Amino acid sequence: MNILHLSDIHFGRNYPEYKVCDAFENKDRILRELIQCISNIEEKKRPEHIVVTGDIAWWGKKKDFEEAYEWFSKLLESTGLEGKDITFCVGNHDVNHTYISANRDLANNEVLRIDNIYSYDWVHEMEPPIYEYDRFCERIGMEPFIYPLKGEMEYSYSLGYKDVKFSSGNTIRFLAFNTALFSCLPKIQNDKMWIGQKQIRGANTITDSRLWILRRRGFRM
C-alpha cells in the first residue's frame, strides 16, 4: 500500500492582501517540482491514495480553494488517480471566519457546551464556516466520510470514517475528527483545537485495526 501524505499547503498564504513575507513566496515553484518528483516515481512505488491532513487554505476563502483545486487536479492527473483516491481532513485555516454567526460567545472554559456542540447531532449546524472547504471536496470528487446519527448513516466531508481498498486487497479505515471549528471564534485562541468526547464515543462502529486517524495537531479534550 502506497499512501502520499501531505499537510499544511496553505493555498493563499502568499497573496498580497495577507501581507505574509516568508518562504511561501517560493510556493509555486516548490509545488510544481513536487508534482514532477511524484511523476518520476517508479510505477510500483507510486501512491495509490493521497491523504491531506488539513490546512489546504490560508483563510478558508473561495479564492484559496480555487487555487487548491487547480493544483490537486494536476496532482491527480500526474499520478493517474481520481478524486475518489484522495482524502482531506479539515484544518483550522480551512474555516472561513466571515461565515461565523453562531456560538460567537463561546469561551475556552465552557467544556460541556463545546462537547455538546461537537456531537454528531450538530454536524450540519457546524458546516456553514467550512462551506468553501465542503464545496472544494465535492468538486474534486472526494468520497465523503460517514457517521452514525440516530440509527442512520449520514455523510460529511469533515468528520466520520470511510474504508479505502488497495490493490493489495487490504482495506484501511480512515477516521476523521473535526477539531477546527471553534478555532476562529473571538474568545478562543486561533491555534487551539478541540475535539468533543461525543465525537469519539460516536465512532463506536470503528472495529478495523488498520486505522488511520485524521485530525489537526494540538487538540484538547
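Each reported figure results from applying straightforward, stated rules to the coordinates on display, with no laboratory input. Keep in mind that this is a model prediction, so the values were computed, not measured. So basically every Cβ, Gly included, is an ideal-geometry build from the backbone, and we count neighbours across all protein chains shown.
The label point for residue 84 and the one for residue 98, both projected 7 Å from the Cα toward the Cβ, are 3.5 nm apart. The packing ranking of peptides 35-43, 7-15, 70-78, highest mean first, is 7-15, 70-78, 35-43, where packing means the average number of other beta carbon atoms within 10 angstrom of each residue. Treating each Cα of region 1-134 as one equal point scatterer and applying the Debye formula with no solvent, the log10 of I(q)/I(0) at q = 0.09, 0.19 Å⁻¹ comes out as -0.34, -1.12. Just check region 70-170 against the gyration tensor rule for me: Cα atoms, a ≥ b ≥ c as the square roots of the eigenvalues, rounded for a/c under 1.5, and otherwise prolate or oblate depending on whether a/b exceeds b/c. Oblate, since a/c reaches 1.5 and b/c is not below a/b. Extension gain for residue 20 to residue 107 (0.36 nm times residue separation, less C-alpha to C-alpha distance): 28.5 nm.
Taking a threshold of 21 Å on the Cα-Cα distance, which of the pairs 61/162; 74/165; 63/162; 61/165; 19/62 fall above it? Over 21 Å apart, Cα to Cα: 61/162; 74/165; 63/162; 61/165.
For a Förster distance of 25 Å, can you work out the FRET efficiency between the beta-carbons of residue 198 and residue 138, rounded to the nearest 0.05? Mind dumping the intermediate values first?
On the way: r = 26 Å, r/R0 = 1.03.
For residue 198 and residue 138, the calculated efficiency is 0.45.
Dipole of region 1-95, Cα-centred, from +1 at each Lys and Arg C-beta and -1 at each Asp and Glu C-beta, to the nearest 20 debye? Can you show the working numbers first?
Working: 13 positive and 18 negative charges, 8 e Å.
Computed about the Cα centre, the dipole is about 40 debye.
Suppose R0 equals 25 Å; then what is the FRET efficiency for residue 32 and residue 62 from their Cβ-Cβ distance, rounded to the nearest 0.05? Write out the running numbers ahead of the final one.
Numbers: r = 23 Å, r/R0 = 0.91.
So, using R0 = 25 Å, E works out to roughly 0.65.
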